[in-house]
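The values are calculated or read from the model by the stated rules, or taken from the named source; none is laboratory data. What you see is a predicted model, and the numbers here were worked out from it, not measured in a lab. With ideal geometry, Cβ positions are generated from the backbone for all residues, glycine too; neighbour counts draw on all protein chains shown.
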Amino acid sequence: MKQKIIWAFCLILLAGCARHEVDWRSPYTGLGSLHEGDIVHLPTGVKVTEEQLIDMLAGVRIVYVGEAHDNAKCHEVQLSILKALSERYPGEIAVGMEMLQRPSQEAVNQWISGELDEKSFVKVWLDNWSDNFDLYRDILHYVRDHKIPLVALRASDEWMEKARDGDTGGQTENAEEALPELDLEDPYHRSHLEAVFKKHPHGGKDFESFYRVQVLWDESMAQSLAEFLETKEGQDKRILVFAGSHHVEYGYGIPRRLFRRLPVPYAIVLPITIHMPDDKMPKLMDVTLPEIPLRPGDFAWIVGFDDLSDQKVYLGVMIRDTDDGVKVVGALKNSTAKEIGLQKDDIIVALDDEPIKTKFDLTYLLGSRKPGEQGVLKVLRDGQPLSFDVTFESISALKME
């Protein structure tokens, strides 16, 4: 079976960050014939409404909602399901997220309680995942506003290193340091990832090391979910799991590994992008996948594609933290930074009178600006203060130049 896989690289090399441009289908309905907004019950090929979907999800304790990390439309689906279930079952819903590592749970709890402001939590997010907080902002503010428990699911970097070095999990004398037990024998999961590995642009030659990391990625999330659902706080909760579609489709990622620990009913919802914009096509690569005699999920929700690039502003400046402050290393050709006259070794000190002491300060402030807005960037050049009027442009506009 020939499939196209779109890659979005995360913190390490991950097959789990892939998503399909769909070549599999319901046995009754070819997904290519559907339109954005359609929801299909995959075993029967019958279209359902969002309300009917929620009715059916009400019968399970765990709802896996896949995603393509860089597609805002997938996160809209996740938020819709979250809102519907939390309104139907107030106080009974929790959320688990792949993007957050287990050691960050205390900071996550502080975010939910209101002890941590957005800027501080964006820093946690950046350390855990990437600079795409804006894609998840509505979800994260919703769980905070409604005091919905949020569970950090993913393995720590230390666990990842152990798996990479050959640790296959199980109990040790120091249980705190023990990896979860890794099931490395699932034939469908293994054959799928082996096919992906062969085409992975940065896969290297050691498939077994690569595979242990991928399995740990799923096992750690399954263990985090099982631990939460068995706590006093979680024992009466239903939980929504937001993770890359590769971790939930076919059930051999998180679902089967969690079911091994805690056999309770679950459902898999897959937001599916049927048609990709032409400018995103270079992200596709061909992978010949083995036939897998498993259903990909229970429901497919057809979505469009939007990575919010037309809403993000970029200066196009390369910077680094120094003892003197945030120093300009260079400016990209045709960038806003080049246009306003930023020069190498300028020290950026403020944007609209908000102080900039670290690279993160500038990144966060730019994240709050919109294309077309204006601002004033203040720098020191050879110790002398300078101000530059800036009209912010989106990355998509800059790419067109």
Hey, any hits in the stretch 271-290 for a residue that's modelled with pLDDT of 95 or more, surrounded by 17 or more Cβ atoms within 10 Å (Cβ to Cβ) and outside the structural domain of SER394 (by TED's automatic domain parsing)? yes
Notebook entry, point to check: Looking at SER120, is it surrounded by fewer than 20 Cβ atoms within 10 Å (Cβ to Cβ), without any contact (Cβ under 8 Å) to a residue 24 or more places away in the chain and of a type in the set (Ser, Thr, Tyr)?
Noted result: yes
Selection from the stretch 166-185 of residues hydrophobic (A, V, I, L, M, F, W, C) and at pLDDT 90 or above yields LEU179, LEU182, LEU184
Fill in: Any chance ASP352 is acidic (Asp, Glu), surrounded by fewer than 16 Cβ atoms within 10 Å (Cβ to Cβ) and within 14 Å of ASP389 (Cβ to Cβ)
yes
Verdict on GLU50 being among the acidic types (Asp, Glu), closer than 30 Å to TRP125 by Cβ and at pLDDT 70 or above
yes
Taking VAL329, is it crowded, with 16+ Cβ neighbours inside 10 Å and without any contact (Cβ under 8 Å) to a residue 60 or more places away in the chain? no
Item to check | Verdict on HIS35 being assigned to a loop (DSSP other than H, G, I, E, B) and closer than 18 Å to PHE133 by Cα | outcome: no
The condition of being surrounded by fewer than 18 Cβ atoms within 10 Å (Cβ to Cβ), in contact (Cβ under 8 Å) with a residue 12 or more places away in the chain and more than 30 Å from TYR364 (Cβ to Cβ) holds, among GLU92, GLU185, only for GLU92
Matching residues in the stretch 125-146 (modelled with pLDDT of 95 or more and outside any helix (DSSP H, G or I)) number 2
Among residues of the stretch 305-325 being farther than 17 Å from THR363 by Cβ and touching a residue at least 12 places away in the same chain (Cβ under 8 Å), the residue nearest to the chain's Cα centre (by Cα) is ASP307
